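Read through the structure below, which is laid out as structure tokens, and then see the notes.
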Amino acid sequence: MQGTMEKIDDDTYELFFGPAHPGSGNFSVKLKVDGERIVSARADPGYLHRGFEKLMEYRLPLQNAVLSDRICVLESLAWNLVHAEAVDELMGVEVPERAKYIRVIMAELSRIQSHLIWYGIISIGTGFDTGFKLAFGYRDFILDLFELITGGRVYPAGYICPGGVRRDLPESAEEKILNVLDKIGKMIDFERAENPANLARLKDVGILNLKDAIRLGATGPVLRASGLKTDVRKEEPYEVYDRFDFEIPVRKEGDAYARFQIGLEEMEQSVGIIKQALKDLPDGDFIAKEFSKPKLNMKIPEGEAYIRNEIGRGEAGVYMVSDGGIKPYRVKIRGPSFLHIIPVLEFLLRDAQIADVPAIYWSLNGCPADIDR
Amino acid sequence: MVESVREKEIIENITKNFKVDVGIQRERRIWVKSPSEDLIDLCMFVKNKLGFKHLSALSVTDWPKKGEYELTYHIWSYDDKILITIKTMVDRENPEIETVSKIWGESSQIHEREMHELFGVKFKGNPDLSPLFLEDWDGPAPFRKDFDWREYVRNEYYSKDNDRESAYFGRD
Amino acid sequence: MKMKVVPKILKNMVSKPITTRFPHESNPIPDGYRGEHSYDVDKCISCNLCAKICPNKAIDMVEAPEKYKEKYPKKYPRVDIGKCCFCALCEDICPTGAIKLTKNFFLSTFNSSDVIKDPIPAKEVEDRG
């Protein structure tokens, strides 16, 4: 942990966590500490504010799809999907079946790689370097798939675009995806093995009970680790998620270890979903006819849509309003990390020990990019 | 479109107690238009009686022609699996509204803090409305429709003499 | 589960490393990779679509150099790779396939003027002139 210490009075000091800390991203937390105990914490975002909501008002939906990659770099395809669905709903586009399956496959691959980063970052934060290197190594196999399918390793450039997907799956993709999933399966076995390093650092740390979790606006894995069985994919099935058989992992403990375990279990479920989707993958178009060639003058009918999706970090939402022009009138992006690493983190850090800050911070799996947008 | 029974029940429940416009947008989506004075009562009712516990998002849409801001509260019910959108209008020049942070707690407090910064809406009773993203910004609220950030960026940061930056001038 | 350390170490000592030694060998780049642009001025019809769709305004329509004005009288796209986000929307919208993204990703440079790609490269102008 680095930073400057400023003496406030005889007992309390101010300590910075971030913004240059490896792994915290462009984000910092100001901690007021009394000895080893944290008296209060204040999150300080804004190092990465790019004003995407406003920027999208100036651009066509097609260009916004490219922009939506950058909302959260670690989960670009998932954000592509939320944005594309909002435009689809406003325009009333009938997305072809094949595109829906490809979208699900890509979103789940994105979830797996995001959870691998989560595992890696927690490992390095709690002093287990091997886990970090393995997780990032295995993530690379998925990035190779993204490179093959979308043409870019990290930024898919709006691969999931309004109307479908920008390219069809290459012929070799199916075999390669299955091949990678086998490798990921091995990684998950390794992760699921009870690891004393993780147990010692994460067990009974940062306990969040269900009532607090709902009040603080926690969603996704954080909420599930506190005991509420909820998942947007099941409750409000988008794309073709209602056709797949998968479980929602739930824990009751609400501590950092429970959140960490939920992430690992979700990876297993995602592997299952991709295998089912590949089995049923239908033939046909991969993009709706009216979108098959980019057009500059497509009008978005007047109206509004609010889309919720389950991404790796929790609930993602896009609220889009159109006044009938070719550009959206207003876009609101609701990121899960906005609530996870501002109110939830501030709440959990109160009265915690300094040594537990990394464990709590990374167990929430925050992405500063989606707070700042 | 499938309209489930529960959605109709909720609508009936709301219209029985409040004089508001209600409608079903599609499956799992209800909207309510409420005058800003009734907002707090309506929100209390929606949370405590109907079980909408999760404030998913709070958004502001700027309508300069009408001279109004439209506030939209998107609230999800974990029991009924329905999203209700409460809309209310406030004056654009002097946007003030009661806070809902007493109802939904910290999650709504942080949403209001963000909207205060980006649109300048004053949420009366919100304990903390300090800026989140923009440091030392004392210009107009940046997400208002009449603030042209492109013009601002060109004037402040770009130069016509620089060959690579001059491309941004004179293009929309 | 106990981790069987010793057999794993022995296995790792003889197995091939997972990494590639980059400058000497490289992972194959798949087709459809979005890298540096290739542009064919003879196919171009100067329709201006690529400049309009470019999200970053990396494409600017410019006139051909003096010597080529007769052969190429219209305006042609000049790509600023420093602004480009490699989204390939220009490739998708191009009606004649004049602009395409290639597999070349070796784009880092010390000279900032290298990032601007003229429709008719300056080098070519010198060679012919």
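The values are calculated or read from the model by the stated rules, or taken from the named source; none is laboratory data. Given the structure is predicted, the values throughout are model-derived calculations rather than measurements. Note: ideal-geometry Cβ built from the backbone for every residue, glycine included; neighbour counts use all protein chains shown. All accessible areas refer to the heavy atoms of the entire protein, side chains included, with ligands and DNA or RNA removed. Shrake-Rupley method; radii C 1.70, N 1.55, O 1.52, S 1.80 Å.
Figures for the structure shown
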| quantity | calculated |
| --- | --- |
| Rounded to 10°, Cα long-axis angle of helix B:5-17 versus longest principal axis of chain B | 90 |
| Neighbour count of at most 12 Cβ within 10 Å plus DSSP loop: longest GluC sites (Glu not before Pro)-free window in chain C | C:71-129 |
| Dipole moment magnitude, nearest 20 debye, chain A about Cα centre, only Lys, Arg, Asp, Glu C-beta charged | 580 |
| Crossing angle, helix C:5-14 versus chain C [Cα axis fit, 0-90 degrees, rounded to tens] | 50 |
| Around residue A:221: net Lys/Arg minus Asp/Glu count, Cβ-Cβ under 9 Å | +2 |
| Within segment B:1-87: Cβ-based charge dipole about Cα centre, in debye rounded to nearest 20 (Lys, Arg +1; Asp, Glu -1) | 120 |
| Longest DSSP-loop-exposure-free segment, chymotrypsin sites (Phe, Trp or Tyr not before Pro), chain B, at most 11 other Cβ within 10 Å | B:1-136 |
| Sequence of A:247, A:191 when ordered by accessible area, the most exposed leading, probe 1.4 angstrom | A:247, A:191 |
| Rounded accessible area of residue B:159 (nearest 10 Å², 1.4 Å probe) | 50 |
| A versus B: buried accessible surface, summed, Å² (probe 1.4 Å, to nearest 100) | 3900 |
| Solvent accessible area, Å² - residue C:20, 1.4 Å probe, full protein context | 60 |
| Computed accessible area, residue C:61, all protein chains, 1.4 angstrom probe, square angstrom | 40 |
| At least 30 Å along the helix axis (C-alpha) and Kyte average at least 0.0, DSSP helices within chain A | A:97-125, A:129-150 |
| Selected from B:61, B:15, B:99 as most flexible by GNM, with chain B as the system and alpha-carbon contacts under 10 Å | B:15 |
| Using alpha-carbon coordinates, inclination of helix B:39-48 to the longest axis of chain B, degrees | 50 |
| Between segment A:134-156 and segment A:181-233, the alpha-carbon center distance in angstrom | 24 |
| Loop sites in segment B:89-165: GluC sites (Glu not before Pro), DSSP, at most 11 other Cβ within 10 Å | B:93, B:135 |
| Listed pairs A:30/A:133; A:332/B:102; A:176/A:293; B:160/C:57; B:16/B:47; A:293/A:327 exceeding 21 Å between Cα atoms | A:30/A:133; A:332/B:102; A:176/A:293 |
| Residues of segment C:64-108: accessible area per residue with a 1.4 Å probe, Å² | 53 |
| Mean residue ellipticity (222 nm) of the protein assembly as shown, computed from DSSP H runs ≥ 4 via -39,500 (n - 2.57), nearest 500 | -11000 deg cm²/dmol |
| Within 10 Å of each Cβ in B:162-169, the average number of Cβ atoms from other chains | 3 |
